[in-house]
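The values are calculated or read from the model by the stated rules, or taken from the named source; none is laboratory data. Keep in mind the model is a prediction, meaning the values are calculated, not measured. In this analysis, Cβ positions are derived from the backbone assuming ideal geometry, glycine residues included, and neighbour counts consider all displayed protein chains. These area figures cover heavy atoms from the full protein model, side chains too; ligands, DNA and RNA do not enter into them. Shrake-Rupley method; radii C 1.70, N 1.55, O 1.52, S 1.80 Å.
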Amino acid sequence: GIPAPTGTPQLSGPPLRIRAMSYNVLGGTVPDDWFPLLPRDQLPPMVRAPSLVAKIESAHPDVAGFQELIAGTELSAYLEQKLVGYTWVHSSDNHALMVRRDRFDVDETGESRLNSVGEEGSYLDRYVNWARLRDRSSGRTVLVLNVHAHPVQTVQMARVRALGITRLVAVVRELEGRRKFLIK
């Protein structure tokens with residue numbers, strides 16, 4: 001198990017409020033039995049891209065996490081072109097973070113594996129990608145994480161997700177332990 005925290009960090013100043021969103025863009029081929037009520041010609045990512053941009057612009061998030069967004073694809077390029085004013089942080093596992101440039105500097109980024117194929121019945125490797133952000137006005141930092149857990153609702157996949165969440169907690173603790181060395 002993971003030991004319990006030994007202290008509570010002391011924060012000063014008002015809460016750091018952040019508008020965040022998460023979006024699974026369904027970047028790959030959608031199986032025939034998914035979304036049976038939608039016409040198949042409406043499922044390709046580029047068909048849905050303009051409405052995705054409109055939703056993001058309407059929400060005006062400070063940070064957004066994307067799942068199944070493959071760097072270098074037509075969809076990725078389209079989003080980066082349309083959603084100006086954001087820094088994009090891509091991972092090797094088809095995740096991306098979008099960070100509002102006028103609000104945050106990106107101090108550090110990375111990714112960590114949470115599940116491996118075959119482990120506890122996992123059928124995919126799963127990762128968390130993360131970024132440590134520095135608020136430009138206050139100088140305070142925040143750790144932002146983007147996770148795409150196994151979606152299937154079975155007892156076996158619940159065990160896979162539980163293992164991934166246990167590892168996610170360990171990743172956060174490790175990153176927070178390193179934080180004291182990064183504060184300028």
Check: Scanning for something open to solvent by less than 20 Å² (accessible area, probe 1.4 Å), free of Cβ contacts under 8 Å to residues at least 60 places away in the same chain and either part of a loop (DSSP other than H, G, I, E, B) or of a type in the set (Ser, Thr, Tyr) (or both), does the range 130-140 turn up at least one residue?
Finding: no
Checklist line | Subset tally (residues that are crowded, with 17+ Cβ neighbours inside 10 Å and either small (Gly, Ala, Ser) or modelled with pLDDT of 95 or more (or both)) for the range 150-161 | finding: 0
Next item on the list: Go through the residues of the range 162-176 one by one and say whether even a single one is outside any helix (DSSP H, G or I) and either in contact with a Phe, Trp or Tyr (Cβ under 8 Å, 6 or more places away or on another chain) or open to solvent by 80 Å² or more (accessible area, probe 1.4 Å) (or both).
Entry: no
Notebook entry, point to check: In the range 108-129, what count of residues is obtained for those that are at pLDDT below 90, in contact with a Ser or Thr (Cβ under 6 Å, 6 or more places away or on another chain) and open to solvent by less than 30 Å² (accessible area, probe 1.4 Å)?
Noted result: 1
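Every residue, every condition in (1) over 24 Å from LEU143 (Cα atoms); (2) open to solvent by less than 80 Å² (accessible area, probe 1.4 Å); (3) at pLDDT 90 or above, yes or no:
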residue: LEU37; (1), (2), (3): yes, no, yes
residue: ALA49; (1), (2), (3): yes, yes, yes
residue: HIS60; (1), (2), (3): no, no, yes
residue: ALA71; (1), (2), (3): no, yes, yes
residue: ASP102; (1), (2), (3): no, no, yes
Note to self: Can you confirm whether LEU43 is open to solvent by less than 60 Å² (accessible area, probe 1.4 Å) and modelled with pLDDT under 95?
What the structure shows: yes
Checklist line | Residue selected from the range 12-35 under the condition assigned to a loop (DSSP other than H, G, I, E, B) and within 30 Å of GLY139 (Cβ to Cβ), by the criterion most open to solvent (accessible area, probe 1.4 Å) | finding: ARG17
Note to self: I need the full set of residues from the range 111-145 which are of a type outside the set (Lys, Arg), touching a strand residue (DSSP E or B) at 6+ places or on another chain (Cβ under 8 Å) and more than 14 Å from GLY65 (Cβ to Cβ), in order please.
What the structure shows: SER112, LEU114, ASN115, SER122, LEU124, ASP125, ASP135, THR141
